[in-house]
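Worksheet: one structure, shown below.
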Amino acid sequence: MPVTKFLRITGLLAIAGLVIIVPARADIERTVTRSYQISPGGWLRIDADLGTIQVNSGASDELEITVLEIMNTSSEKEADRILKDLKLGFIQEGGELRVTARYNRSGLLDWGGRRLKLRFNATVPARFNLDLHTSGGSISVGDLEGEVLAKTSGGSLSFGRIIGPVKAKTSGGSIKLAGGRGDADLITSGGSISIGSVEGAVAARTSGGGISLGSATGRAQLATSGGSISVDAVKGAIEASTSGGGITAAITAQPQQPCRLATSGGSIKVHLAPDLRLAINASTSGGHVHSEFDLLIHGGMSRSSLQGKLNGGGPELYLRTSGGNITLAKPEL
């Protein structure tokens, strides 16, 4: 047998042997639980190097938090060694509880922190405020009355009905807000954004997905680089822009500020309440403009552009697309 071929086969056998001798690992789980008497309206602040976070509200004035530690090993001694690199902190000061998790990701066998997983599960009073941050997991919050701040570098964000302002950011997942009362500011670099009915202003930005909004009573500012935008009803001004899809929106109440809808990759269809007063400025370079309303035309009209006044005029409704049609439609029945 040639030497080169012999060495190649020997190397493959060595690699195969190395794979075979690696033992299968079973997880070891341990739980840390803390309970605190705390007044409604306080704060829960979690700052973790890794782990998922889930928070729900309860009926009592008690805050309970459980941290599930999951070690990827079948050895209790090895689990102890892994946990030596984890520092959990619980500090209560008045109506505020601060929880920290610091993990020293050291060694080749723990590249990326794969040998330890954390799951934070908290129950707070129904009226409470949250400040949640994790560098490696998703965040989920149920129905709550209070301010919510949430940030993760590697997971999705999900919120129930929040009676209070919401500010949330993720670098690697989708965002879902069931609805609520208060302004919402949502940012993601890698997923879609879904929002229910919000009594307040909405700002939503994503680089990698579509945006859907049920309704907003305040100003809606929506931007995406990679998907379509859909708005069932907005009672304030709206700004919507996308580079990768169409825009469908309904303006149901008189805006006091200009509205702007623009896309480079699709059509625009906007439903307008019949009594709105608007100055229409619509133009497309890849289709035609159609209006179901009688407009007072000024500045000219063609198949691809239209400038006119609806009900005598008002704030500007600016519509632009490079890749589709523009339709001014009456409300859907």
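Scan segment 236-256 residue by residue and report those that are outside any strand (DSSP E or B) and over 26 Å from GLY155 (Cβ atoms).
Those that are outside any strand (DSSP E or B) and over 26 Å from GLY155 (Cβ atoms): GLY236, ALA237, GLY246, THR252, ALA253, GLN254, PRO255, GLN256.
Return the total of residues in segment 302-327 being part of a loop (DSSP other than H, G, I, E, B) and of a type in the set (Ser, Thr, Tyr).
3
For a quick check of your reading of the model, give me the residue pairs whose first member lies in segment 305-324 and is more than 15 Å from PRO258 (Cα to Cα), whose second is assigned to a strand (DSSP E or B) and small (Gly, Ala, Ser), with beta-carbon atoms closer than 8 Å and at least 6 apart or on different chains.
Pairs that qualify, where the first residue is more than 15 Å from PRO258 (Cα to Cα) and the partner is assigned to a strand (DSSP E or B) and small (Gly, Ala, Ser), are SER305/ALA282; SER305/SER283; LEU306/ALA282; LEU306/SER283; LEU306/SER291; THR321/ALA262.
Name the single residue, out of those in segment 280-301 being assigned to a loop (DSSP other than H, G, I, E, B) and touching a residue at least 12 places away in the same chain (Cβ under 8 Å), that is nearest to GLY323 (Cα to Cα).
Across segment 280-301, the extreme among qualifying residues is GLY286.
Looking at GLY200, GLY218, GLY190, which is the one that is outside the structural domain of ARG320 (by TED's automatic domain parsing) and under 16 Å from the mean Cα position of the chain (by Cα)?
GLY190
Residues of segment 211-235 being in a loop (DSSP other than H, G, I, E, B) and surrounded by fewer than 20 Cβ atoms within 10 Å (Cβ to Cβ), which ones?
Within segment 211-235, THR217, GLY218, SER225, GLY226, LYS235 meet the criteria.
Of everything in segment 119-140 that's farther than 19 Å from ARG34 by Cβ and not polar (S, T, N, Q), which residue is surrounded by the most Cβ atoms within 10 Å (Cβ to Cβ)?
Step by step, filter segment 119-140, then rank; the result is ILE139.
Residue check, ALA262 against (1) closer than 20 Å to SER212 by Cα; (2) outside any strand (DSSP E or B); (3) not basic (Lys, Arg), all met but one. Which one?
Only one criterion in (1) closer than 20 Å to SER212 by Cα; (2) outside any strand (DSSP E or B); (3) not basic (Lys, Arg) is unmet by ALA262, namely (2).
The values are calculated or read from the model by the stated rules, or taken from the named source; none is laboratory data. Just so it is clear, the model here is predicted, and its values are computed rather than measured. Neighbour counts run over all protein chains shown; Cβ positions are idealised from the backbone, glycine included.
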